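Visitor: Quick one: this structure, given as structure tokens, is what I'll be asking you about.
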Amino acid sequence: MSIRNAKDYIQSIRNLNLNVYMFGEKIKSPVDHPIIIPSLNAVALTHDLALDPMYEDLMTTKSHLTGEKINFYNHIFQSTDDLVQKVKRQRMLGQKTACCFQRCVGQDGMNAVYSVAFEVDKKYKTNYFENIVKFVKYVQKEDIVVDGAMTDVKGDRGLSPSQQADPDLYLHVVERTENGIIVNGCKAHQTGICNSQEVLCMPTIAMKPEDKDYAISFAVPTNTPGITIIYGRQSCDTRKLEGSEIDVGNSMFGGQEGLVVFDHVFVPNERIFLDGETEFVIPLVERFSGHHRPSYACKCGVSDVLIGAAGLAADYNGVARASHVRDKLIEMTHLNETMFACALACSYEGVETPSGAYLIDLLLANVCKQNVTRFPYEISRLAEDLAGGIMVTQPSEKDLRSKEIGHYVKKYLKGVESVPTEHRMRIMRLIENLTLGTGAVGYRTESLHGAGSPQAQRIMIARLGNLEHKKRLAKVIAKIDADEAEPDKE
Ligand code: SF4
Ligand code: FE
């Protein structure tokens, strides 16, 4: 098997019997839980579209390792075309799901580990590259969903991993055996963890030699003994338990995050990709986050849905022809296409690493993500402006369906005569979902903090922006010769 369909995928997640807790209780069957199902649907779509002739160009490719046709999510980028294909795929899936579809962190993580492991081996004669190649081949052959896990819980942000009062606040090695390592710790905000068969862990911040035990990267199945997943709450999540379709806003798809605890988890030697080579932590973090930043073209796809919803709200409210309404829709589009342009640009400017895998242009990737930390907020503000206050005050679907008062809801929530009230209510709830509800986790706050908070990009922009070069350019144009310059005398 190289490309798995959605049914097989869901069955394989079911078979994992993951150790998941929600609301303080262990979930018997995560794949059947109403809060989890929409997130599973989103990942399932990445399987089904790979088998759809209309989408196979964006969703599949040929493995450089085996020559087999594979799901693009399991591919190691071999060219700038591959990087561009990823960005276009991200937008398309954002349009189809209007949520975080979770599968991209694994691809970005595998690509970062692949290129860094090659360079570590070259310096230390380790065998990490062989390990990651074997892992990627397995992932490609079985069409595995890999969850990339980087963010440790971090405790006191002013202290390094080894200085923390509790050593488990960063994932680390607690014991070494002949066959592998045993690790303790916790990864936070873990996108799609219950919908993944494997988790690929990477360190999260710069490390010094004394942090050696924290400089680890490895992959294990998500059902490995010692792993506990504590499901993350999302705003309005319990609406999914009410049985209402309209009130949920996006009843088909949704994102998923969780806290993943590693309590004495065994990692076999052949699944270790970094262990103690602290100077390679920064390249690994930078390449993973560099790859993941343009992956946020997913937000452009979600924006497309939100802009469409705002346009419909204007139509249904009867204000579509007003010039300020048209201008707001233009502004939303301009912001969205600016994000997309940056994601494409850093991909077209990608370069080959010594491993043969391609890496995006890091400066442009960081500029891309810096825009993503801002523009979805403005797009959301404009969508709320166009929707009107009714998006947060309208009655429930049950009120609409009520025999006693449903006719009042229908009558008084009507916009233009030609549009059924229910359509207007559905669009309002969709806008609410994306700006304030479960969808806002992926569209707004994740835009801010996912793939690195804004300051992380500003540090990279400062480092890569090459201000000194720009000063030299200015001196040439202004005819300032630094060598001949003398201090001004009175
Ligand atoms: Fe993928 Fe976007 Fe979700 Fe990140 S936020 S996992 S890039 S869909
Ligand atoms: Fe993310």
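The values are calculated or read from the model by the stated rules, or taken from the named source; none is laboratory data. Since this is a predicted model, take the numbers as computed values, not measurements. Counting neighbours? That spans all protein chains shown, and the Cβs are built from the backbone with ideal geometry, glycine included.
Visitor: Scan (1) acidic (Asp, Glu); (2) surrounded by fewer than 18 Cβ atoms within 10 Å (Cβ to Cβ); (3) within 13 Å of ligand 1 (Cβ to nearest atom) for the single condition residue 108 breaks and write down its number.
Guide: In the conditions (1) acidic (Asp, Glu); (2) surrounded by fewer than 18 Cβ atoms within 10 Å (Cβ to Cβ); (3) within 13 Å of ligand 1 (Cβ to nearest atom), residue 108 misses (2) alone.
Visitor: Continuing with this model, one more query. Quick check on residue 354: is it away from ligand 2 (no atom under 16 Å from the Cβ) and touching a helix residue (DSSP H, G or I) at 6+ places or on another chain (Cβ under 8 Å)? Give the derivation first.
Guide: On the way: away from ligand 2 (no atom under 16 Å from the Cβ): yes; touching a helix residue (DSSP H, G or I) at 6+ places or on another chain (Cβ under 8 Å): yes.
Here the answer is yes, as residue 354 does meet what is asked.
Visitor: Search the stretch 267-304 for residues being among the hydrophobic types (A, V, I, L, M, F, W, C) and within 16 Å of ligand 2 (Cβ to nearest atom), and hand back the single one that is farthest from the chain's Cα centre (by Cα).
Guide: Let us first name the residues in the stretch 267-304 that are among the hydrophobic types (A, V, I, L, M, F, W, C), namely 267, 272-274, 280-282, 284-285, 288, 297-298, 300, 302.
If we keep only those that are within 16 Å of ligand 2 (Cβ to nearest atom) too, we end up with 285, 288, 297-298, 300, 302.
Numbers: 285: 15, 288: 11, 297: 10, 298: 8, 300: 13, 302: 13 Å.
So the residue we want is 285.
Visitor: For the stretch 399-416, enumerate the residues that are out of contact with any Leu (no Cβ under 9 Å at 6 or more places or on another chain) and touching a residue at least 12 places away in the same chain (Cβ under 8 Å). So that I can check it myself, show each step before the final result.
Guide: Pass one, the stretch 399-416, residues out of contact with any Leu (no Cβ under 9 Å at 6 or more places or on another chain): 399, 401-405, 407-408, 411-412, 414-416.
Scanning the stretch 399-416 gives 415, 416.
Visitor: Please name all residue pairs, on different chains or six or more residues apart, with Cβ atoms under 9 Å, provided the first residue is in the stretch 378-394 and is farther than 22 Å from residue 409 by Cα and the second residue is outside any helix (DSSP H, G or I).
Guide: Going by the 9 Å Cβ cut-off, the qualifying pairs are 380/436.
Visitor: Something else about it: Does residue 39 meet the test of being in contact (Cβ under 8 Å) with a residue 60 or more places away in the chain and away from ligand 1 (no atom under 11 Å from the Cβ)? Quick ask: steps written out before the conclusion?
Guide: Values: in contact (Cβ under 8 Å) with a residue 60 or more places away in the chain: yes; away from ligand 1 (no atom under 11 Å from the Cβ): no.
For residue 39, the condition - in contact (Cβ under 8 Å) with a residue 60 or more places away in the chain and away from ligand 1 (no atom under 11 Å from the Cβ) - is not met.
Visitor: Okay, next question. Which one is surrounded by the fewest Cβ atoms within 10 Å (Cβ to Cβ), of the residues in the stretch 1-20 that are in contact with a strand residue (DSSP E or B) (Cβ under 9 Å, 6 or more places away or on another chain), in a loop (DSSP other than H, G, I, E, B) and among the aliphatic types (A, V, I, L, M)? Before you say what the answer is, go through the steps one by one.
Guide: Narrowing the stretch 1-20 to residues in contact with a strand residue (DSSP E or B) (Cβ under 9 Å, 6 or more places away or on another chain): 2-4, 16, 18-20.
In the following step, the residues that additionally are in a loop (DSSP other than H, G, I, E, B) were identified as 2-4, 18-19.
Filter once more, keeping what is among the aliphatic types (A, V, I, L, M): 3, 18.
Details: 3: 18, 18: 23.
My answer is 3.
Visitor: Can you find even one residue in the stretch 65-85 that is of a type in the set (A, V, I, L, M) and within 16 Å of ligand 1 (Cβ to nearest atom)? Steps first, please.
Guide: To start, the set of residues in the stretch 65-85 that are of a type in the set (A, V, I, L, M) comprises 65, 70, 76, 83-84.
Going one step further and asking which of them are within 16 Å of ligand 1 (Cβ to nearest atom), we end up with 83-84.
Yes, there is a match, as at least one residue in the stretch 65-85 is of a type in the set (A, V, I, L, M) and within 16 Å of ligand 1 (Cβ to nearest atom).
Visitor: I would also like to ask the following. Mind checking whether some residue in the stretch 402-421 is within 16 Å of ligand 1 (Cβ to nearest atom) and outside any helix (DSSP H, G or I)? Even if it seems obvious, please write down each step before you answer.
Guide: Step one: filter the stretch 402-421 for residues within 16 Å of ligand 1 (Cβ to nearest atom), giving none.
Checked the stretch 402-421: no residue is within 16 Å of ligand 1 (Cβ to nearest atom) and outside any helix (DSSP H, G or I).
Visitor: For the stretch 90-138, how many residues meet the condition of being in a helix (DSSP H, G or I), farther than 18 Å from residue 73 by Cβ and within 16 Å of ligand 2 (Cβ to nearest atom)?
Guide: First pass over the stretch 90-138, keeping only residues in a helix (DSSP H, G or I): 90-97, 104-124, 128-138.
Then keep just the ones that are farther than 18 Å from residue 73 by Cβ; that gives 116-124, 128-131, 134.
Then drop every residue that is not within 16 Å of ligand 2 (Cβ to nearest atom), which leaves none.
Counting residues in the stretch 90-138 that are in a helix (DSSP H, G or I), farther than 18 Å from residue 73 by Cβ and within 16 Å of ligand 2 (Cβ to nearest atom) gives 0.
Listed here are the residues, each with its yes/no results for (1) outside any helix (DSSP H, G or I); (2) not charged (D, E, K, R).
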{"residue": "259", "(1), (2)": "yes, yes"}
{"residue": "263", "(1), (2)": "yes, no"}
{"residue": "267", "(1), (2)": "yes, yes"}
{"residue": "273", "(1), (2)": "yes, yes"}
{"residue": "281", "(1), (2)": "no, yes"}
{"residue": "284", "(1), (2)": "no, yes"}
{"residue": "287", "(1), (2)": "no, no"}
{"residue": "290", "(1), (2)": "no, yes"}
{"residue": "293", "(1), (2)": "no, no"}
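Visitor: On to the next question. Does residue 270 qualify as being more than 16 Å from ligand 1 (Cβ to nearest atom), surrounded by fewer than 19 Cβ atoms within 10 Å (Cβ to Cβ) and of a type in the set (D, E, K, R)? I'd like the intermediate steps shown before the answer.
Guide: Values: more than 16 Å from ligand 1 (Cβ to nearest atom): yes; surrounded by fewer than 19 Cβ atoms within 10 Å (Cβ to Cβ): yes; of a type in the set (D, E, K, R): yes.
When the stated conditions are applied, residue 270 passes them.
Visitor: I need the full set of residues from the stretch 65-82 which are part of a loop (DSSP other than H, G, I, E, B) and within 18 Å of residue 350 (Cα to Cα), in order please. Full working, then the answer.
Guide: Taking the stretch 65-82 first, the residues part of a loop (DSSP other than H, G, I, E, B) are 65-68, 75-79.
75, 76, 77, 78, 79, listed by residue number.
Visitor: So, one more: Can you report the number of residues in the stretch 186-198 which are away from ligand 2 (no atom under 15 Å from the Cβ) and buried (at least 24 other Cβ atoms within 10 Å of the Cβ)? Can you show your working first?
Guide: Within the stretch 186-198, the first condition is being away from ligand 2 (no atom under 15 Å from the Cβ), and the residues that meet it are 186, 194, 197-198.
Filter again for buried (at least 24 other Cβ atoms within 10 Å of the Cβ), leaving 194.
So the count comes out to 1.
Visitor: Moving on. Name the single residue, out of those in the stretch 143-169 being more than 21 Å from the chain's Cα centre (by Cα) and crowded, with 16+ Cβ neighbours inside 10 Å, that is farthest from residue 67 (Cα to Cα). I'd like the intermediate steps shown before the answer.
Guide: Here is the first cut: in the stretch 143-169, the ones more than 21 Å from the chain's Cα centre (by Cα) are 155-169.
Those left that are additionally crowded, with 16+ Cβ neighbours inside 10 Å: 155, 161-162, 164, 167-169.
Details: 155: 45, 161: 41, 162: 44, 164: 46, 167: 44, 168: 41, 169: 41 Å.
Here the answer is 164.
This table checks each residue for (1) hydrophobic (A, V, I, L, M, F, W, C); (2) farther than 22 Å from residue 108 by Cα; (3) modelled with pLDDT of 95 or more; (4) in a strand (DSSP E or B).
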{"position": "189", "(1), (2), (3), (4)": "no, no, yes, no"}
{"position": "194", "(1), (2), (3), (4)": "yes, no, yes, no"}
{"position": "199", "(1), (2), (3), (4)": "yes, no, yes, yes"}
{"position": "218", "(1), (2), (3), (4)": "yes, no, yes, yes"}
{"position": "224", "(1), (2), (3), (4)": "no, yes, yes, no"}
{"position": "230", "(1), (2), (3), (4)": "yes, yes, yes, yes"}
{"position": "233", "(1), (2), (3), (4)": "no, yes, yes, no"}
